[in-house]
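Peer 1: The structure is given below, and queries will be raised subsequently.
The values are calculated or read from the model by the stated rules, or taken from the named source; none is laboratory data. These numbers come from a predicted model, not from an experiment. Cβ placement follows ideal geometry from the backbone for every residue including glycine, while neighbour counts extend to all protein chains displayed. Heavy atoms of the whole protein, side chains included, go into the accessibility calculation; ligands, DNA and RNA do not. Shrake-Rupley method; radii C 1.70, N 1.55, O 1.52, S 1.80 Å.
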Amino acid sequence: MKETAIRSTLEVYVCNFGKSCSKFGSPELADGLKKWAKEEHQGAIKVVRSGCLGQCDDAVAVACYPERKFILGARPNDFEELKKGLVEALEKLDSIN
Ligand code: FES
């Protein structure tokens, strides 16, 4: 067993469960955010396709850590607004650390 540092500062879980969120474009949203995070933030923001986050009535659900915040009702056309919010969250966390 060994330990190593986690590179990401911000972790974003985009529900991709078929029951609710995927009907509203969560796969497209997750893939777009993953690509953007990898290209623009080189691992500081990690985007994960998750299972159900228990917020099905407000699909698409996105969970952000370490903020412990849900973004609910997200749609693929909210991409730019989501990116802006994630950059602001990252800058806030970087200023603390
Ligand atoms: S299916 Fe996405 S929060 Fe439940």
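Peer 1: Restricting the search to region 22-38, which residues are open to solvent by less than 100 Å² (accessible area, probe 1.4 Å) and out of contact with any Cys (no Cβ under 7 Å at 6 or more places or on another chain)?
Peer 2: Ser22, Phe24, Gly25, Pro27, Leu29, Ala30, Asp31, Gly32, Leu33, Lys34, Trp36, Ala37, listed by residue number.
Peer 1: Right, next: For Tyr65, are the conditions met, namely being under 11 Å from the mean Cα position of the chain (by Cα) and either within 11 Å of the ligand (Cβ to nearest atom) or modelled with pLDDT under 95 (or both)?
Peer 2: Criteria not met by Tyr65.
Peer 1: Follow-up. Out of (1) out of contact with any Leu (no Cβ under 6 Å at 6 or more places or on another chain); (2) surrounded by 11 or more Cβ atoms within 10 Å (Cβ to Cβ); (3) on the phi < 0 side of the Ramachandran plot, what's the single condition that is false for Ile96?
Peer 2: Exception for Ile96: condition (2).
Peer 1: For region 39-67, how many residues are part of a helix (DSSP H, G or I) and open to solvent by less than 70 Å² (accessible area, probe 1.4 Å)?
Peer 2: Counting residues in region 39-67 that are part of a helix (DSSP H, G or I) and open to solvent by less than 70 Å² (accessible area, probe 1.4 Å) gives 2.
Peer 1: Same structure, new question: For Phe70, state whether it is among the aromatic types (Phe, Trp, Tyr), in a strand (DSSP E or B) and either within 13 Å of the ligand (Cβ to nearest atom) or within 11 Å of the chain's Cα centre (by Cα) (or both).
Peer 2: yes
Peer 1: Considering only residues that are open to solvent by 20 Å² or more (accessible area, probe 1.4 Å) and at pLDDT 95 or above, which ones fall in region 4-21?
Peer 2: Listed by number, the residues that qualify are Glu11, Tyr13.
Peer 1: While we're here: Out of region 3-38, which residues are assigned to a helix (DSSP H, G or I), more than 14 Å from Cys64 (Cα to Cα), more than 11 Å from the ligand (Cβ to nearest atom) and among the basic types (Lys, Arg)?
Peer 2: Listed by number, the residues that qualify are Lys35, Lys38.
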